[in-house]
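In what follows, a single structure is set out as structure tokens and then discussed.
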Amino acid sequence: MFLPLGWMTAVGAGILSAHILQKLCFPYFWKDFFFLLKVMRYGVRLELYKLRSEVCTVLDRFIQQAQRIPDKPFVIFEGQIHTYRDVELRSNRLAHVFIQKANLRKGDCVAVLMSNEPDFLCVWFALAKIGCSIAFLNTNIKSRSLLHCFNSCGARTLVVGSDVADLLDGVLTSLLEDNIEVWAMKSNIEHPQVQTLLDKIDAASDQPVTAALHRTTNIKSPTLYIFTSGTTGLPKAAVISHLQSLKAAGGFWAFGGTQDDVIYIPLPLYHSAASLIGIGGTIELGATCVLKKKFSASQFWKDCRQHNVTIFQYIGELCRYLCNQPKTELDKVHKVRMGVGNGLRQDVWRDFQNRFGDIKMCEVYGSTEGNLCFMNHIGKMGTVGRSNFIYKLLFKYDLVKYDMVRDEPEKDRYGFCKRVQHGETGLLLSKVSALSPFFGYAGSKQLTEKKIMRNVFVKGDAYVNTGDLMTEDHDGFISFRDRVGDTFRWKGENVATTEVAEVLGLVDFIQEVNVYGVEVVGHEGRAGMAAVIVRPEHTFDGEKLFNSVVKDLPGYARPLFIRLQEVMEMTSTFKQQKFHLVQSGFNPSFISEPLFVIDYKLDSYVLLTEAIFQSILTGERKL
């Protein structure tokens, strides 16, 4: 039977009306639906690992890919192609060396201090194959922080890359006194107490070690330690479980990556973005990555064209550097279709796409140790992610009111936090649950507990304090606004203000110091600045301070500006007041107190004049 024409017309009109209504009221419904379907499908896979107690780890996935596509390029580095088989066999050899020569055993923790190179991956996989957990160390790290890292993660062995072995000078004696065994990716080395690896690899077997060494039944067991500045003190070892590494490895796939993609990784592998999302994502897809030793703005597009790159990883600062390069006729001549990263400012985002083409920029929000992730799958400019009803059912989070002057969340009369309205800025809190566990930091329950807020909305609940101020609009788009507390971000690195303050506090003429970050026109993040009180009967010594910060702090953590004060403003709870200092910035026209700026040509901090201030704003003076 056929429906009468009137009924057919009515049904058609209803469908058309529903479609128009959906477009008007729920314009992102289908994009959200299919993206969440994809994410949930991946999540079900991870949940099945828990139920079956059979975990296919990132390492297992790599071994599978090495068997499935052994001759496919896995890593392209400085013109050299390393196939999946190449990395598999070399990591097998290293695994045997670690067992036979270094006497490493399942359950040991090993620290790795290496720059970006294929052997970073070979060492990583080799250690994972024998059941070791691995701590990635920042190659910018200074001696004092380096020793602290070993204490926090419990590593008794250190593997250093050939090009960073010089970093051991001045700290090797302390490592050896602490019974830390040091191995270098070199054939020979001047330090007689440092063992070498390259001269032992060729003689080692390339056959796999027994799979029982790395097999795990617990998806929540730790596999890596990645150091983060967090919000206080020296670097903290964020515990990275197999669950977290597998979630990160699905990032490219969730955004539409395929095995045919070529992924450009110019970020340091000791950070979670490059290692967990970049390398893990390449492995999950069975794709190829182009690994750069260090990001170069002038070589970026040449590399992309040469290797037919289709996806690249970024931080916002990287994109700004690319936009600042001289324009050429080849700016849009490339195959790049997608960028995956975080921290991309809206103005840079717009300039980048206008200049280099309609590249889909996929912002990802999530800290190394966090239990929450936002993904901007829509690609809306200036937002870090998107949420909706279904997402909120799966991952509980809230934005709560934050008192910037008192530097703490606002509470109601019952002592509970107050949620913000749509469009208002609030502190992002992520609920700790079975679906979103928080693994915290190695070596200190106090540090882990400090990251957790309890009794937030009801007695007994627990939320991770991200330390980030965010907004969520009526359409569910989430935007990053600022960081609170004692951390700011500069040159793509988190800077812990307390660590910087401790270094400055050792300088003999400084009585008190308050470190914070200030915005600089044309730069991502915040530049380091310190308000200091000079001791009585002492004078400010720019050269002495310069020598101290260069010796004890990595470049990104050194305060660029110094403000001399006679009295340090405090909050009612006797915390140093940062809010007004941050707001006032470093403009000598508005600040009556003496200001100084770091000068690498003169190896000193020099008086910040109006002329120097203007040269900073125009970009003439580089920071």
- [ ] Search the range 198-219 for residues that are under 24 Å from residue 240 (Cα atoms) and pair each with any residue that is of a type in the set (D, E, K, R) and outside any loop (DSSP other than H, G, I, E, B) when their beta-carbon atoms are under 6 Å apart and the residues are at least 6 apart or on different chains.
- [x] 209/129; 214/129; 219/50
Open item on the list: Conditions first: (1) part of a helix (DSSP H, G or I); (2) modelled with pLDDT under 95; (3) touching a Ser or Thr at 6+ places or on another chain (Cβ under 7 Å). Residue 55 passes all but one, so which condition is the exception?
Closed with: (1)
TODO: Take the residues in the range 27-39 that are touching a residue at least 40 places away in the same chain (Cβ under 8 Å) and in a helix (DSSP H, G or I), then tell me which one is surrounded by the fewest Cβ atoms within 10 Å (Cβ to Cβ).
DONE: 31
Open item on the list: Condition first: surrounded by fewer than 19 Cβ atoms within 10 Å (Cβ to Cβ), charged (D, E, K, R) and under 28 Å from residue 321 (Cβ atoms). Can you find one or more residues in the range 514-532 that meet it?
Closed with: yes
TODO: Could you tell me whether any residue of the range 410-419 is in contact with a Ser or Thr (Cβ under 9 Å, 6 or more places away or on another chain), surrounded by fewer than 19 Cβ atoms within 10 Å (Cβ to Cβ) and either among the basic types (Lys, Arg) or on the phi > 0 side of the Ramachandran plot (or both)?
DONE: no
Task: Answer residue from the range 427-474, given it is without any contact (Cβ under 8 Å) to a residue 40 or more places away in the chain and in a loop (DSSP other than H, G, I, E, B) and is surrounded by the most Cβ atoms within 10 Å (Cβ to Cβ) among those - done: 461
TODO: Run down 594, 588 and say which single residue is over 29 Å from the mean Cα position of the chain (by Cα), surrounded by 17 or more Cβ atoms within 10 Å (Cβ to Cβ) and within 13 Å of residue 561 (Cβ to Cβ).
DONE: 588
Open item on the list: If residue 566 meets every condition in (1) within 21 Å of residue 590 (Cβ to Cβ); (2) touching a Phe, Trp or Tyr at 6+ places or on another chain (Cβ under 8 Å); (3) free of Cβ contacts under 8 Å to residues at least 40 places away in the same chain; (4) not hydrophobic (A, V, I, L, M, F, W, C) apart from one, which number is that one?
Closed with: (2)
TODO: Please enumerate the residues belonging to the range 173-194 that are outside any loop (DSSP other than H, G, I, E, B), modelled with pLDDT of 85 or more and of a type outside the set (Gly, Ala, Ser).
DONE: 175, 176, 177, 181, 182, 183
Open item on the list: Condition check: touching a residue at least 24 places away in the same chain (Cβ under 8 Å), closer than 30 Å to residue 449 by Cα and open to solvent by less than 10 Å² (accessible area, probe 1.4 Å). Does residue 248 satisfy that?
Closed with: no
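Table: residues versus (1) in contact with a Phe, Trp or Tyr (Cβ under 8 Å, 6 or more places away or on another chain); (2) over 27 Å from residue 548 (Cβ atoms); (3) open to solvent by 40 Å² or more (accessible area, probe 1.4 Å); (4) touching a residue at least 12 places away in the same chain (Cβ under 8 Å).
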position	(1), (2), (3), (4)
137	yes, no, no, yes
146	no, no, no, yes
166	no, no, yes, no
170	no, no, yes, yes
179	no, yes, yes, yes
Open item on the list: Could you check the range 296-316 and list, in sequence order, the residues that are small (Gly, Ala, Ser) and open to solvent by less than 10 Å² (accessible area, probe 1.4 Å)?
Closed with: 316
Open item on the list: Looking at (1) in a loop (DSSP other than H, G, I, E, B); (2) open to solvent by less than 40 Å² (accessible area, probe 1.4 Å); (3) within 26 Å of residue 113 (Cα to Cα); (4) touching a residue at least 40 places away in the same chain (Cβ under 8 Å), which one does residue 293 not meet, given that it meets all the others?
Closed with: (2)
TODO: Tell me which residues, restricted to the range 195-210, are closer than 15 Å to residue 128 by Cβ and either open to solvent by 60 Å² or more (accessible area, probe 1.4 Å) or at pLDDT below 95 (or both).
DONE: 208, 210
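One line per residue, one yes/no per condition, for (1) among the polar types (S, T, N, Q); (2) in contact with a helix residue (DSSP H, G or I) (Cβ under 7 Å, 6 or more places away or on another chain); (3) at pLDDT below 90:
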| residue | (1), (2), (3) |
| --- | --- |
| 445 | no, no, yes |
| 484 | no, no, yes |
| 489 | no, no, yes |
| 494 | yes, no, yes |
| 507 | no, yes, no |
| 510 | no, yes, no |
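Each row is one residue, and each column tells you yes or no for (1) open to solvent by less than 80 Å² (accessible area, probe 1.4 Å); (2) farther than 16 Å from residue 497 by Cβ; (3) modelled with pLDDT of 95 or more; (4) among the charged types (D, E, K, R).
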| site | (1), (2), (3), (4) |
| --- | --- |
| 535 | no, yes, no, yes |
| 556 | yes, no, no, no |
| 564 | yes, yes, yes, no |
| 568 | yes, no, no, no |
Open item on the list: I need a count of the residues in the range 370-400 that are out of contact with any Gly (no Cβ under 6 Å at 6 or more places or on another chain), over 16 Å from residue 433 (Cβ atoms) and part of a loop (DSSP other than H, G, I, E, B).
Closed with: 8
Task: Count - residues of the range 411-450 that are farther than 30 Å from residue 475 by Cβ and in contact with a strand residue (DSSP E or B) (Cβ under 9 Å, 6 or more places away or on another chain) - done: 9
- [ ] Taking residue 151 as the residue in question, decide whether it is closer than 14 Å to residue 225 by Cβ, in contact (Cβ under 8 Å) with a residue 60 or more places away in the chain and not acidic (Asp, Glu).
- [x] yes
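The values are calculated or read from the model by the stated rules, or taken from the named source; none is laboratory data. As the structure is a computational prediction, the values presented were derived from the model and not from experiment. Note: ideal-geometry Cβ built from the backbone for every residue, glycine included; neighbour counts use all protein chains shown. Side chains are part of the model used for accessible areas, which takes the heavy atoms of the whole protein and leaves out ligands, DNA and RNA. Shrake-Rupley method; radii C 1.70, N 1.55, O 1.52, S 1.80 Å.
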